[in-house]
Amino acid sequence: MIARSLRRCAALDACARADLDYLHGRISMALDLGHRRTAHHEPARLRELETEVRARHAGPEAADPA
């Protein structure tokens with residue numbers, strides 16, 4: 001779900017897209033191999049990537065002025 005919404009983000013550059021593909025692949029592979037712990041932790045990394053990309057998209061005007 002996170003990956004799908006992140007793919008539609010206008011700020012997703014080539015590097016972030018590669019990271020997204022890598023993380024998505026790790027989750028899929030972990031599930032295929034039965035590594036539930038790894039599959040459970042990777043969505044947190046996807047959320048971190050989403051936060052970074054959306055912050056870049058928002059630009060400096062969204063930064064806290066304090």
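What follows draws every value from the coordinates through simple rules; no lab data is involved. It should be emphasised that the depicted structure is a prediction, and the values quoted were computed from it without experimental measurement. Backbone-built Cβ (ideal geometry, glycine too); neighbour counts: all protein chains shown.
Could you calculate the FRET efficiency of R54 with L31 from 1/(1 + (r/R0)^6), where r is the beta carbon distance between them and R0 is 35 Å, rounded to 0.05?
Once rounded, the FRET efficiency stands at 0.85.
Would you tally the net charge around A39, using a Cβ to Cβ cut-off of less than 15 Å, leaving A39 out, and scoring K and R as +1, D and E as -1?
Its environment carries a net charge of +3.
Please identify which residues in the stretch 19-39 have an amide N closer than 16 Å to a label point set 7 Å out from the Cα of R47, following the Cα→Cβ vector.
38-39
Between the DSSP loop rule and a limit of at most 10 other Cβ atoms within 10 Å, which trypsin sites (Lys or Arg not before Pro) in the stretch 4-40 are left?
R8
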